[in-house]
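The values are calculated or read from the model by the stated rules, or taken from the named source; none is laboratory data. What you are looking at is a predicted structure, and each value in this text was computed from that prediction instead of being measured. All Cβ positions, glycine included, derive from the backbone under ideal geometry; neighbour counts span all protein chains shown. The protein model used for the area step is the full one, side chains on, heavy atoms only, and it has no ligands, DNA or RNA in it. Shrake-Rupley method; radii C 1.70, N 1.55, O 1.52, S 1.80 Å.
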Amino acid sequence: MAERSSTGLLTMMLEPTPALAMTLPAEVREKLAELELELSEGDITQKGYEKKRGKLLAPYIPQIQGVDPSLQIDNRIQASSQVALQGSKSNKSRAANTRDERFRSDLHTEAVQAALAKYKERKMPMPSKRRSVLVQSSVEACTPPDTSSASEDEGSLRRQGRLTTSTPYQGHSHPAVEHWFNRVIQGSSTSSSASSTSSHPGGRSVTTTNTTAHAALNVNAAATALADLMAHTQLDNHSAPPDVTGLSERSSHHAERPHVASVRGVSRGFNHHTSVMETADGVPVNSRVSNKIQQLLNTLKRPKRPPLREFFVDDFEELLDVQQPDPNQPKPEGQQMCPLEGEPLGVVTNWPPSLPAALQRWGTTQPKSPCLTALDNAGKPVYTLTYGKLWTRSQKLAYTLLNKLSSRNEPLLVPGDRVALVFPNNDPVMFMVAFYGCLLAELVPVPIEVPLTRKDAGSQQIGFLLGSCGVTLALTTDACQKGLPKAQTGEVATFKGWPRLLWFVTDGKHVVKPPKDWHPPIREASNDIAYIEYKTSKEGSTMGITVSHSAMLAHCHALTQACGYTEGETITNVLDFKREAGLWHGVLTSVMNRMHVISIPYSLMKVNPLSWIMKVHTYKARVAVVKSRDMHWSLLAQRDQRDISLSSLRMLIVADGANPWSISSCDAFLNVFQSRGLRPEVICPCASSSEAMTVAIRRPPEMGVPPPGKAVLSMGGLSHGVIRVDTEEKLSVLTVQDVGQVMPGALVCVVRAEGIPYLCQTDEVGEICVSSGSTGVAYYGLPGMTKNIFETVPVTPSGIPISGRPFTRTSLLGFVGPDSLVFVVGKMDGLMVVSGRRHNADDVVATALAVEPMKFVYRGRIAVFSVSVLHDERIVVVAEQRPDASEEDSFQWMSRVLQAIDSIHQVGVYCLALVPANTLPKAPLGGIHISETKQRFLEGALHPCNVLMCPHTCVTNLPKPRQKQPEVGPASMIVGNLVAGKRIAQACGRDLGQLEDNDQARKFLYIQDVLQWRAQATPDHPLFLVLNAKGTVSSSASCLQLHKRAERVAAALMGRLNTGDHVALVYPPGIDLIATFYGCLYAGCVPVTVRPPHPQNLATTLPTVKMIVEVSKSVCILTTQAITKLLKSKEAAAAVDIKSWPTVLDTDDLPRKKSPQMYKPPTPEMLAYLDFSVSTTGILAGVKMSHAATSALCRSIKLQCELYPSRQIAICLDPYCGLGFALWCLCSVYSGHQSILVPPLELESNASLWLAAVSQYKVRVTFCSYSVMEMCTKGLGSQTEALRLRNVNLSCVRTCMVVAEERPRIALTQSFSKIFKDLGLSPRAVSTTFGCRVNVAICLQPNRLGKLAEQGTAGPDPTTVFVDMRALRHDRVRLVERGSPHSLPLMESGKILPGVKVIIANTETKGPLGDSHLGEIWVSSPHNATGYYTVYGEEALHADHFNTKLSFGDTQTVWARTGYLGFLRRTELTDASGERHDALYVVGSLDETLELRGMRYHPIDIETSVIRSHKSIAECAVFTWTNLLVVVVELEGSEQEALDLVALVTNVVLEEHYLIVGVVVVVDPGVIPINSRGEKQRMHLRDGFLADQLDPIYVAYNM
């Protein structure tokens, strides 16, 4: 019960319910109060307290039980004020942390509870977090939040307040107190504290109303009855909270990372139990992840928001939803308001002509009169400054500043210069002397905060202000100067963004006495600048507001009149004396009226929150200037002082009375202190802003003003900007108090907050504007903004200005109520406009705080702001979590906050984040620095420990999902293309028939015959060199050597195997692989090259080997001795069934035996070899290559790359499949050129191996893969200088081709070119190739430099185009300019090979498409593969891949479908034959695309956006699962950053792709599986995620 106790309930415990209060006699109540006092002061233990209490209550229990609980609640609402009064009489304390008092309104709390009750509790999946992230660093775990961070208006007071909520009704003590607390409470033995609400471990089960359950829990019967009563009332209030405990975090039993198998679908053969969910591909899914996702889906299925409104959909791209105003929304109906005039400024006889004149008068005529008393942290008066002292010390300082400071014999300062005042908050005396010293010297003081560290929140902005004001000198005290951070020279360090300053200490020994004949000029108040007050805007920028001498004087005059100040009064000031009300009342107006100010420093308030009340009592102060926070704090400690009296107060000025939630602080304060002589009518809220100064203030009672007003307004009405007094809907209301009447001599009106300043109607909320002589004049140095704010001209609806004088905007939102009282309902700074409705940050904070007592987050440490995502404001709530709050508790609190805000404000929260205690940036006097918090949120530097994002519920302006248009018929398609002047998109390489080359190899039909011929013709010609990691040749082979080794293999096979048998070759990259390949062909067997298993990672790599061997139906494995051992090892047995391997032949020591005779295939159409590879979607596909296709492939590459025996090429590729295999094993034998083979694996130990080899052998053509290129850019990026010293020179390279089966990675190729330009690499050398399963080489792009270009054979340079990413989603290609929004650069994939024809076909209709249309690339060529041998996993889908015909147009040609989307574009360039060059652009694999919202997305585009969003994201992969977009990011950085990524990833994907991310998974670097070509295996990742094998750092489920 305690655990769940709502604050509504809490008030009942604090102030006994009427029923209970009536039942207990006064003396019992008195004794109870004494008991509580004893407990709170540590004079009695918890146990003793409960025993005594039980005794006291025992006689009254039957009466209590008879009370009808429902009755109590109603009573409580009506009688809350009387109840509170009774409570105050018995001296009861408030619970220190029921909730921030400023945000306490019983009605509101109740509304929140009722709202939560109405909710059918929706189950939300809880995020999973790795254990190490849960454990915050030890320091954080045990330091309490720095109390100085207590927000301006809140109380994280470390005081001894008795905590009433620790429910003594349950007979166990309170073990869950923060463990650090006892250190803070000096020697206290109690286990309750002012800052922790109880969270009993046993408290969970108490939500039951069953009395026996309670009896078991409780020690005495009295408590049982009370608890029972509480439980009743509680349960009427709201239903059980969502149970998220079923989803506890993962246990940490993983010793090492489970690896992801490299082929999908392995589980096909098993019979799954029905309860195991399967993914679409039949992979069993661990239930935990899936349950969460299922839960998320269920949550999302429920209709949450009103259906989306109409959209405008243009034919060409998605448009965002246009917010249509709701026709039923309330509209203002009142008359147009009339500007409101304050009473005229009275004429005072001897009123001084300026403030310095007043100082001079009092300083000379009343020198002994006290001006200011400063207190130390113990509350003792340290020093009283008299008017005489202030006058003489200010004169000394003025004289010194003007005459004794010089630079280069020029005076440093001249009148009118700006000077910074840097004084700590506990030294008002020095500040006052400095301020008046500047005024006397006619210098302009700029008071700022003391910069504590170089990284202070907002300090940089202050520096910007000082720079723009041209400040060169800072005044400070000796103590403060010593405490500032110093540079090595011993001078004060220059803070980030600050100008160079001279620091001048104003203490006595540094100032000189002016000569007798020097007098400061005392002039009449003019329009020159008197001082500059700083102000921080909503965005975090700091502006300086200039106040003229005349405005300063007029404001003092107006305040004197409004507050009825008289000469010699005593005033207690708790506010910051550097700015706003603290400065106006405590430094300026006080001197005007020779008043005595008692200045209470913030540091004293933290130690003793009662100090100000005690000082009012001691000094019989007539006026006190406070904030609601100070009133709230004093409530927590008021029982410590029984004998104080507030009867001397005639005015208690509440400076933040304009905050809508100050009303509850005022009420609560009055309830408690009315018995101490506080009269209700002396509480005077006021409204002010830095720009307009005081706008309105409630007058003291002696002025005969109308009684104060209260308004209960409908929150819904306010969100539409209209005032509706709420009647029927009790849930969402805002109760506000008036801030009194307009200031004397001022004219006030209310105008529309946005756009033209039209006057509002009487029932409309707008921005209050003031026209008077006592407002600020300008923002220093910002004429544009000044015009907007200080020179507004309000107009009537017909556009006529209402007055000749300009108005100042106050940034207060409000209206004028009855009796000409001003009401304020919010501030422009806290205004959040979400889909056209206005919400106030303070109101949202209040709702969050009302959810339940602050067990999980620190009170007042909550920031609410909005960020702009996808063209609308989105609300973000950030709170500091207590170190002892558990994961579940916090998550539950978060989900309830979301529901409460949703119910009460009818607005969704976009992101709710909890950060560790004490980590939010602080404002100068406590409080949270909102703009800095927002900045950190957007930069990903908040480091939250819990995040809940709700984009699904908030984002309602997504573009309409795309509806597929009915397809156009074939005929109209062709006609349309002709009419549009578009040609059908097709292209071809050069015609093989016309290319007469001196190609000897063409005579041979079979590649093995070419090898035999070369072995005879050029036996010693070197074909292959293999390099090791050191860069030396580890093995080589000439034509004859290769032939001989192949013969030996053939001899070994012929006795054992039959013709046509399949043989698996499992070799590391090297000559063995090539020799055994030809050996198989000699013996008539079909070779299948297989990458060997990785000895360190058998568990994942061996099953793939086994699978290929089985699927290819290999009857024998040829391999090395080492791998033979590995295949049969104990470790292998753990991964696969080693008994089922076919025959394994070790080819290391074969006898030198010649095979009887070579096998001659009967026809070139026969199968030559099988090429197996795992696609990026995790499908294992083997294609059949015939002898004819093999020879055609070699010939095409030879022609395209101009290969002949005298050339050398370097190859750094894996030799197992695709073009890599062809270049490694086939091309050298066919063309006779020498291949320098660099195994990519060797680059891991020597990154420069490949480039060094290219340089050493002066290679002109080289091939690599993207992973090799990445290794070079990452590994050698910073070492180009060292490589140059080792004479690595790449100027020899004509062409460096990247072998790939994907869209060209333009960023990588460009950075590679840029980095190695220093080593002579030509920027035009790097180009890409394209191949796929159906045809391993479609495009190769040799460059046309040097000899090639002279022969005119090579094509033009690769071209890059920019396409619109939004059009691509609709399968359209729209070319845009570089740098335009949503543009995506695409690089041509290479020149089409000789003999290859390409066409672009519509994926649905199979018809041809026009130029620059996106469709599937189809290819026809003699070296197409002849078909799939097997496609493991998806056989049916691929039946037509190799022999498809167009549905219209040329219906004869047989095409193979590549499975890739792309387009052809005819360029202006011409190739050698004078033909226009057709460029082929590959956009991405069809299998990989994500179909979301009717549009087609390419994962790489989303991933690129995500990687850009935060510096710590090393890699990213996305996939979908049941229509949810899952984003996996690798975090390179500390785990504390993990949760920062959630919001950034969600934001960027929304902004750039109009998609809502469903799940964000943060993992360690290296978790995203990558295949040998450097491509991401997204489907493996998906299976790993669903099987819960990724060991994620954090998984966030977006709501």
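Would you check which residues across the range 1030-1060 are of a type in the set (Ser, Thr, Tyr), farther than 22 Å from Ala1017 by Cβ and either in contact (Cβ under 8 Å) with a residue 60 or more places away in the chain or out of contact with any helix residue (DSSP H, G or I) (no Cβ under 8 Å at 6 or more places or on another chain) (or both) and list them? Break it down into steps so the answer makes sense when it comes.
As a first pass, look at the range 1030-1060 and keep what is of a type in the set (Ser, Thr, Tyr): 1032, 1034-1036, 1038, 1059.
The next check asks that each one be farther than 22 Å from Ala1017 by Cβ; those that pass are 1032, 1034-1035, 1059.
Passing the criteria: Thr1032, Ser1034, Thr1059.
Answer yes or no as to whether Ser1265 is touching a residue at least 40 places away in the same chain (Cβ under 8 Å) and under 37 Å from the mean Cα position of the chain (by Cα).
yes
When the residues of the range 1039-1070 are filtered to those that are of a type in the set (Val, Ile, Thr) and farther than 23 Å from Glu1165 by Cβ, which remaining residue is farthest from the chain's Cα centre (by Cα)? If you could, list the steps in order and put the result at the bottom.
So in the range 1039-1070, the residues of a type in the set (Val, Ile, Thr) come out as 1049, 1059, 1063, 1066.
The next check asks that each one be farther than 23 Å from Glu1165 by Cβ; those that pass are 1049, 1066.
Values: Val1049: 61, Val1066: 48 Å.
So, considering only residues that are of a type in the set (Val, Ile, Thr) and farther than 23 Å from Glu1165 by Cβ, the one farthest from the chain's Cα centre (by Cα) is Val1049.
Strands (runs of 3 or more DSSP E) wholly in the range 771-853 with at least 1 residues that are aromatic (Phe, Trp, Tyr) - which ones? Full working, then the answer.
On the way: elements: 808-816, 822-827, 831-834, 837-840.
In the range 771-853, the matching strands (runs of 3 or more DSSP E) lie at 808-816, 822-827.
What is the residue count in the range 806-850 for residues that are closer than 12 Å to Cys769 by Cβ, surrounded by 21 or more Cβ atoms within 10 Å (Cβ to Cβ) and in contact with a helix residue (DSSP H, G or I) (Cβ under 8 Å, 6 or more places away or on another chain)?
Within the range 806-850, residues that are closer than 12 Å to Cys769 by Cβ, surrounded by 21 or more Cβ atoms within 10 Å (Cβ to Cβ) and in contact with a helix residue (DSSP H, G or I) (Cβ under 8 Å, 6 or more places away or on another chain) number 5.
Looking at Glu1535, Glu1515, Glu1551, can you tell me which residue is under 17 Å from Val947 (Cα atoms) and open to solvent by 30 Å² or more (accessible area, probe 1.4 Å)? Quick ask: steps written out before the conclusion?
On the way: Glu1515 fails: under 17 Å from Val947 (Cα atoms); Glu1551 fails: under 17 Å from Val947 (Cα atoms).
Testing whether each residue is under 17 Å from Val947 (Cα atoms) and open to solvent by 30 Å² or more (accessible area, probe 1.4 Å) leaves just Glu1535.
Looking only at the range 1196-1255, filter to residues that are touching a Cys at 6+ places or on another chain (Cβ under 6 Å) and not in a loop (DSSP other than H, G, I, E, B); which one of those is farthest from Val1088 (Cα to Cα)?
Trp1250
Of all residues in the range 614-648 being free of Cβ contacts under 8 Å to residues at least 60 places away in the same chain and among the hydrophobic types (A, V, I, L, M, F, W, C), which is surrounded by the fewest Cβ atoms within 10 Å (Cβ to Cβ)?
Ranking the candidates gives Ile644 first.
Would you mind finding the one in Ala1135, Ala1210, Ala1247, Ala1222 that is free of Cβ contacts under 8 Å to residues at least 40 places away in the same chain, touching a Leu at 6+ places or on another chain (Cβ under 9 Å) and within 23 Å of Ala1325 (Cβ to Cβ)? Walk me through how you get there before you give the answer.
On the way: Ala1135 fails: within 23 Å of Ala1325 (Cβ to Cβ); Ala1210 fails: free of Cβ contacts under 8 Å to residues at least 40 places away in the same chain; Ala1222 fails: free of Cβ contacts under 8 Å to residues at least 40 places away in the same chain.
Going through Ala1135, Ala1210, Ala1247, Ala1222 in turn, the sole match is Ala1247.
What strands (runs of 3 or more DSSP E) completely inside the range 919-1035 contain at least 1 residues that are among the β-branched types (Val, Ile, Thr), at pLDDT 90 or above and under 30 Å from Glu1047 (Cα atoms)?
Values: elements: 946-949, 986-988, 1022-1027.
In the range 919-1035, the matching strands (runs of 3 or more DSSP E) lie at 1022-1027.
What do you reckon, is Ala1210 closer than 27 Å to Ile1570 by Cβ, more than 45 Å from the chain's Cα centre (by Cα), modelled with pLDDT of 90 or more and buried (at least 23 other Cβ atoms within 10 Å of the Cβ)? Can you show your working first?
Working: closer than 27 Å to Ile1570 by Cβ: yes; more than 45 Å from the chain's Cα centre (by Cα): yes; modelled with pLDDT of 90 or more: yes; buried (at least 23 other Cβ atoms within 10 Å of the Cβ): yes.
In short, yes.
Scan Val1049, Val1086 and give me the residue that is touching a Gly at 6+ places or on another chain (Cβ under 6 Å) and not polar (S, T, N, Q).
Only one candidate passes the filter, namely Val1049.
Name every residue in the range 1415-1430 that is open to solvent by less than 10 Å² (accessible area, probe 1.4 Å) and either under 43 Å from the mean Cα position of the chain (by Cα) or among the hydroxyl-bearing types (Ser, Thr, Tyr) (or both), in order of residue number.
Within the range 1415-1430, Gly1415, Glu1416, Ile1417, Trp1418 qualify.
Only residues that are touching a residue at least 60 places away in the same chain (Cβ under 8 Å) and farther than 22 Å from His1187 by Cα: list them for the range 998-1023, please. Break it down into steps so the answer makes sense when it comes.
To start, the set of residues in the range 998-1023 that are touching a residue at least 60 places away in the same chain (Cβ under 8 Å) comprises 999, 1001-1002, 1004-1008, 1010-1012, 1014, 1018, 1021-1023.
The answer is Thr1018, His1021, Pro1022.
Taking Ser798 as the residue in question, decide whether it is more than 18 Å from Gly717 (Cβ to Cβ), free of Cβ contacts under 8 Å to residues at least 60 places away in the same chain and polar (S, T, N, Q). I'd like the intermediate steps shown before the answer.
Numbers: more than 18 Å from Gly717 (Cβ to Cβ): yes; free of Cβ contacts under 8 Å to residues at least 60 places away in the same chain: yes; polar (S, T, N, Q): yes.
Here the answer is yes, as Ser798 does meet what is asked.
Mind telling me which of the residues Arg752, Arg809 ends up being basic (Lys, Arg) and in contact with an Asp or Glu (Cβ under 7 Å, 6 or more places away or on another chain)? Working first, answer last.
Details: Arg752 fails: in contact with an Asp or Glu (Cβ under 7 Å, 6 or more places away or on another chain).
None of the other options fit; the residue is Arg809.
Where residues in the range 396-447 are farther than 25 Å from Thr589 by Cβ and of a type in the set (Asp, Glu), which of them is least open to solvent (accessible area, probe 1.4 Å)?
Step by step, filter the range 396-447, then rank; the result is Asp417.
Hey, could you check the range 1355-1365 for residues that are at pLDDT below 90 and open to solvent by 10 Å² or more (accessible area, probe 1.4 Å) and say which is farthest from Arg1465 (Cα to Cα)? Please lay out each step first, then the result.
Going through the range 1355-1365, the residues at pLDDT below 90 turn out to be 1355-1360.
Next, only the ones that are open to solvent by 10 Å² or more (accessible area, probe 1.4 Å) stay: 1357-1360.
Numbers: Asp1357: 14, Pro1358: 12, Thr1359: 10, Thr1360: 11 Å.
Step by step, filter the range 1355-1365, then rank; the result is Asp1357.
For the range 1083-1103, enumerate the residues that are surrounded by fewer than 20 Cβ atoms within 10 Å (Cβ to Cβ) and either in a helix (DSSP H, G or I) or of a type in the set (A, V, I, L, M, F, W, C) (or both).
Matches in the range 1083-1103: Pro1095, Gln1096, Asn1097, Ala1099, Thr1100, Thr1101, Pro1103.
Among residues belonging to the range 772-795 that are free of Cβ contacts under 8 Å to residues at least 24 places away in the same chain and not acidic (Asp, Glu), point out the one that is surrounded by the fewest Cβ atoms within 10 Å (Cβ to Cβ). Can you show your working first?
So in the range 772-795, the residues free of Cβ contacts under 8 Å to residues at least 24 places away in the same chain come out as 783-784, 786-788, 791.
Now drop any that are not not acidic (Asp, Glu), which leaves 783-784, 786-788.
Numbers: Pro783: 10, Gly784: 8, Thr786: 19, Lys787: 13, Asn788: 13.
Filtering first and then ranking leaves Gly784.
Identify, please: which residue in the range 916-958 is among the hydroxyl-bearing types (Ser, Thr, Tyr) and touching a helix residue (DSSP H, G or I) at 6+ places or on another chain (Cβ under 9 Å) and is, among those, nearest to Met1495 (Cα to Cα)? Let's see the steps before the verdict.
If we filter the range 916-958 for residues that are among the hydroxyl-bearing types (Ser, Thr, Tyr), which is where we start, we get 919, 931, 933, 953, 956.
Narrowing the set further to residues that are touching a helix residue (DSSP H, G or I) at 6+ places or on another chain (Cβ under 9 Å) leaves 919, 931, 953.
Numbers: Thr919: 42, Ser931: 37, Thr953: 21 Å.
So the residue we want is Thr953.
Could you check how many residues of the range 867-895 are more than 16 Å from His943 (Cβ to Cβ) and either modelled with pLDDT under 90 or not charged (D, E, K, R) (or both)? Break it down stepwise before answering.
The initial filter retains those residues of the range 867-895 that are more than 16 Å from His943 (Cβ to Cβ), namely 867-875, 877, 882, 884-889, 891-895.
Now narrow it down to the ones that are either modelled with pLDDT under 90 or not charged (D, E, K, R) (or both): 867-871, 875, 877, 882, 884-889, 891-895.
Looking only at that region, the number is 19.
Is it the case, given these coordinates, that Ser1278 is under 42 Å from the mean Cα position of the chain (by Cα), part of a loop (DSSP other than H, G, I, E, B) and either closer than 26 Å to Val1482 by Cα or modelled with pLDDT of 95 or more (or both)? Write out each step before concluding.
Details: under 42 Å from the mean Cα position of the chain (by Cα): yes; part of a loop (DSSP other than H, G, I, E, B): yes; either closer than 26 Å to Val1482 by Cα or modelled with pLDDT of 95 or more (or both): no.
Answer is no for this residue.
Are there any pairs, at least 6 apart or on different chains, whose C-beta atoms fall under 8 Å, with the first in the range 1506-1519 and over 20 Å from Met1579 (Cα atoms) and the second open to solvent by 30 Å² or more (accessible area, probe 1.4 Å) and hydrophobic (A, V, I, L, M, F, W, C), and if so, which?
Ile1513/Ile1507
Let me confirm something: among Ser1255, Ser1235, which residue is over 21 Å from Ile1392 (Cβ atoms), open to solvent by less than 10 Å² (accessible area, probe 1.4 Å), among the small types (Gly, Ala, Ser) and more than 43 Å from the chain's Cα centre (by Cα)? Working first, answer last.
Values: Ser1255 fails: open to solvent by less than 10 Å² (accessible area, probe 1.4 Å).
Being over 21 Å from Ile1392 (Cβ atoms), open to solvent by less than 10 Å² (accessible area, probe 1.4 Å), among the small types (Gly, Ala, Ser) and more than 43 Å from the chain's Cα centre (by Cα) holds for just one of Ser1255, Ser1235, which is Ser1235.
Could you please find all residues in the range 866-885 being part of a strand (DSSP E or B) and open to solvent by 10 Å² or more (accessible area, probe 1.4 Å)? Full working, then the answer.
The initial filter retains those residues of the range 866-885 that are part of a strand (DSSP E or B), namely 866-869, 872-881.
The answer is Ser868, Asp872, Glu873, Gln881.
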